[in-house]
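The values are calculated or read from the model by the stated rules, or taken from the named source; none is laboratory data. Quick caveat, the model's predicted, so the values are computed rather than measured. Quick reminder, even Gly has a Cβ in these numbers, built from the backbone with ideal geometry, and neighbours come from all protein chains shown. In case anyone asks, the SASA skips ligands and DNA or RNA and just uses the protein heavy atoms, side chains included. Shrake-Rupley method; radii C 1.70, N 1.55, O 1.52, S 1.80 Å.
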Amino acid sequence: MGHTMAVWRTLEDLLIALRKKGIQISPEILKDLRAARSMIDLICSENFNEQTVIKAETYTATVEAYLISNAQKVFESTEVDEWLKRLKDASLQQISTKENPANVVADRFVLGVSRDKKWVRIKTDNIISEEYVLKLAEKWHLTVNKQTDERLMVYGQLNDVKAFVKQIIVKPDRC
(Lines give C-alpha, C1' and ligand atoms only; values in the text may rest on other atoms or scores of the structure.)
Protein backbone atom coordinates (compact mmCIF):
# COMPACT_ATOMS: atom_id res chain seq x y z
CA MET A 1 0.00 0.00 0.00
CA GLY A 2 3.01 2.27 -0.25
CA HIS A 3 2.98 5.27 1.98
CA THR A 4 1.22 4.88 5.28
CA MET A 5 -0.23 7.15 7.90
CA ALA A 6 3.12 6.88 9.70
CA VAL A 7 4.89 8.49 6.73
CA TRP A 8 2.26 11.22 6.60
CA ARG A 9 2.72 11.95 10.31
CA THR A 10 6.50 12.11 9.90
CA LEU A 11 6.10 14.56 7.02
CA GLU A 12 3.77 16.65 9.15
CA ASP A 13 6.38 16.67 11.97
CA LEU A 14 9.08 17.74 9.50
CA LEU A 15 6.85 20.51 8.19
CA ILE A 16 6.34 21.79 11.75
CA ALA A 17 10.09 21.65 12.43
CA LEU A 18 10.76 23.66 9.26
CA ARG A 19 8.17 26.26 10.21
CA LYS A 20 9.86 26.63 13.60
CA LYS A 21 13.08 27.42 11.71
CA GLY A 22 11.25 30.18 9.81
CA ILE A 23 10.78 28.36 6.50
CA GLN A 24 7.66 29.44 4.63
CA ILE A 25 5.88 26.38 3.23
CA SER A 26 4.33 26.66 -0.22
CA PRO A 27 0.51 26.65 -0.19
CA GLU A 28 0.67 23.96 -2.89
CA ILE A 29 2.67 21.70 -0.56
CA LEU A 30 0.17 22.25 2.25
CA LYS A 31 -2.61 21.39 -0.20
CA ASP A 32 -0.73 18.23 -1.27
CA LEU A 33 -0.21 17.18 2.35
CA ARG A 34 -3.94 17.55 3.04
CA ALA A 35 -4.75 15.68 -0.17
CA ALA A 36 -2.40 12.85 0.84
CA ARG A 37 -4.22 12.58 4.17
CA SER A 38 -7.56 12.43 2.36
CA MET A 39 -6.28 9.69 0.05
CA ILE A 40 -4.95 7.69 3.02
CA ASP A 41 -8.34 8.02 4.71
CA LEU A 42 -10.00 6.80 1.50
CA ILE A 43 -7.73 3.76 1.41
CA CYS A 44 -9.40 2.69 4.66
CA SER A 45 -12.83 2.98 3.08
CA GLU A 46 -14.80 0.26 1.42
CA ASN A 47 -14.45 1.71 -2.07
CA PHE A 48 -10.72 2.39 -2.40
CA ASN A 49 -8.98 1.45 -5.61
CA GLU A 50 -5.47 1.39 -7.03
CA GLN A 51 -5.75 5.00 -8.21
CA THR A 52 -6.36 6.14 -4.62
CA VAL A 53 -3.16 4.43 -3.49
CA ILE A 54 -1.21 5.91 -6.41
CA LYS A 55 -2.52 9.40 -5.65
CA ALA A 56 -1.60 9.07 -1.96
CA GLU A 57 1.92 7.97 -2.89
CA THR A 58 2.27 10.79 -5.43
CA TYR A 59 1.18 13.46 -2.96
CA THR A 60 3.43 12.17 -0.18
CA ALA A 61 6.41 11.88 -2.55
CA THR A 62 5.94 15.48 -3.69
CA VAL A 63 5.70 16.73 -0.11
CA GLU A 64 8.69 14.64 0.97
CA ALA A 65 10.91 15.99 -1.83
CA TYR A 66 9.97 19.59 -1.05
CA LEU A 67 10.42 19.26 2.71
CA ILE A 68 13.74 17.39 2.52
CA SER A 69 15.05 19.96 0.04
CA ASN A 70 14.18 22.75 2.47
CA ALA A 71 15.52 20.78 5.45
CA GLN A 72 18.91 20.62 3.73
CA LYS A 73 18.95 24.42 3.67
CA VAL A 74 18.39 24.93 7.41
CA PHE A 75 19.46 21.76 9.24
CA GLU A 76 22.86 20.18 9.71
CA SER A 77 23.47 17.13 7.52
CA THR A 78 23.18 14.83 10.53
CA GLU A 79 19.71 16.18 11.31
CA VAL A 80 18.64 15.79 7.68
CA ASP A 81 19.93 12.21 7.80
CA GLU A 82 17.87 11.65 10.95
CA TRP A 83 14.73 12.90 9.18
CA LEU A 84 15.46 10.61 6.24
CA LYS A 85 15.89 7.70 8.65
CA ARG A 86 12.59 8.57 10.34
CA LEU A 87 10.85 8.61 6.96
CA LYS A 88 12.38 5.27 6.00
CA ASP A 89 11.42 3.74 9.35
CA ALA A 90 7.89 5.12 8.98
CA SER A 91 7.53 3.61 5.52
CA LEU A 92 8.60 0.21 6.86
CA GLN A 93 6.72 0.51 10.12
CA GLN A 94 3.95 -1.96 10.62
CA ILE A 95 0.67 -0.14 10.68
CA SER A 96 -1.55 -0.56 13.70
CA THR A 97 -4.65 -2.73 13.44
CA LYS A 98 -6.78 0.41 13.61
CA GLU A 99 -5.22 1.84 10.44
CA ASN A 100 -4.74 -1.46 8.60
CA PRO A 101 -6.66 -4.44 9.96
CA ALA A 102 -4.63 -6.94 7.98
CA ASN A 103 -1.24 -5.48 8.96
CA VAL A 104 -0.28 -5.49 5.28
CA VAL A 105 3.21 -4.21 4.44
CA ALA A 106 4.57 -3.90 0.90
CA ASP A 107 8.25 -3.09 0.40
CA ARG A 108 9.75 -2.34 -3.01
CA PHE A 109 12.10 -5.27 -3.74
CA VAL A 110 12.10 -8.85 -2.50
CA LEU A 111 14.56 -11.61 -3.20
CA GLY A 112 12.93 -14.72 -4.58
CA VAL A 113 9.93 -12.97 -6.15
CA SER A 114 10.20 -12.34 -9.89
CA ARG A 115 9.68 -8.82 -11.16
CA ASP A 116 6.44 -9.71 -12.91
CA LYS A 117 4.86 -10.73 -9.59
CA LYS A 118 3.31 -8.41 -7.03
CA TRP A 119 3.38 -9.13 -3.34
CA VAL A 120 2.38 -8.17 0.19
CA ARG A 121 3.64 -9.22 3.60
CA ILE A 122 1.10 -9.92 6.29
CA LYS A 123 1.58 -10.27 10.02
CA THR A 124 -0.89 -12.73 11.42
CA ASP A 125 -2.42 -12.16 14.83
CA ASN A 126 -5.69 -12.66 16.66
CA ILE A 127 -7.54 -10.71 13.94
CA ILE A 128 -6.04 -12.38 10.86
CA SER A 129 -5.03 -16.00 11.34
CA GLU A 130 -2.42 -17.83 9.29
CA GLU A 131 -5.04 -20.37 8.25
CA TYR A 132 -7.29 -17.59 6.92
CA VAL A 133 -4.43 -16.08 4.90
CA LEU A 134 -3.52 -19.50 3.46
CA LYS A 135 -7.14 -20.19 2.56
CA LEU A 136 -7.57 -16.85 0.76
CA ALA A 137 -4.20 -17.18 -0.99
CA GLU A 138 -5.23 -20.58 -2.32
CA LYS A 139 -8.54 -19.15 -3.51
CA TRP A 140 -6.69 -16.47 -5.54
CA HIS A 141 -3.93 -18.85 -6.75
CA LEU A 142 -1.21 -17.03 -4.82
CA THR A 143 2.02 -18.37 -3.35
CA VAL A 144 2.69 -18.00 0.39
CA ASN A 145 6.11 -18.09 2.04
CA LYS A 146 6.66 -17.79 5.77
CA GLN A 147 9.30 -15.15 6.56
CA THR A 148 11.89 -15.21 9.32
CA ASP A 149 10.07 -12.36 11.11
CA GLU A 150 6.91 -14.50 11.37
CA ARG A 151 5.15 -12.63 8.57
CA LEU A 152 3.67 -14.28 5.53
CA MET A 153 4.80 -13.21 2.06
CA VAL A 154 1.92 -13.57 -0.38
CA TYR A 155 2.68 -13.07 -4.06
CA GLY A 156 1.35 -13.68 -7.55
CA GLN A 157 -0.29 -11.84 -10.43
CA LEU A 158 -1.29 -8.21 -9.80
CA ASN A 159 -5.06 -8.69 -10.11
CA ASP A 160 -4.99 -11.73 -7.83
CA VAL A 161 -2.98 -9.88 -5.17
CA LYS A 162 -5.38 -6.93 -5.38
CA ALA A 163 -8.40 -9.19 -4.97
CA PHE A 164 -6.68 -10.94 -2.06
CA VAL A 165 -5.96 -7.64 -0.27
CA LYS A 166 -9.50 -6.36 -0.84
CA GLN A 167 -10.93 -9.55 0.60
CA ILE A 168 -8.60 -9.70 3.58
CA ILE A 169 -9.52 -6.17 4.62
CA VAL A 170 -13.07 -7.16 5.45
CA LYS A 171 -14.55 -4.23 7.34
CA PRO A 172 -13.66 -0.63 6.48
CA ASP A 173 -14.92 0.53 9.91
CA ARG A 174 -11.83 -1.15 11.39
CA CYS A 175 -9.61 1.49 9.73
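Things to note:
- Neighbour net charge for ARG151 - beta-carbon separation under 9 angstrom, K R +1, D E -1: +1
- By average C-beta atoms within 10 angstrom, highest first, the peptides 27-33, 75-81: 27-33, 75-81
- Net +/- balance of residues flanking GLU82 in space, Cβ distance below 13 Å, scoring K and R +1, D and E -1: -2
- Model label points for LYS31 and LEU84, set 7 angstrom from Cα along the Cα-to-Cβ axis, are 3.0 nm apart.
- Here the simple spin-label model places points 7 Å from the Cα toward Cβ, and for ILE23 and GLU130 these points are separated by 4.5 nm.
- Spatially proximal lysines relative to LYS135 (Cα-Cα < 27 Å; intrachain offsets below 8 disregarded): LYS98, LYS117, LYS118, LYS123, LYS146, LYS162, LYS166, LYS171
- Solvent-accessible surface (1.4 Å probe) assigned to GLU150 amounts to roughly 110 Å².
- 12 Å beta-carbon shell around ASN70, net charge (K/R +1, D/E -1): +2
- Placing a pseudo-label 7 Å from each Cα along the Cα-to-Cβ vector at ASP13 and ALA163 gives an inter-label distance of 4.0 nm.
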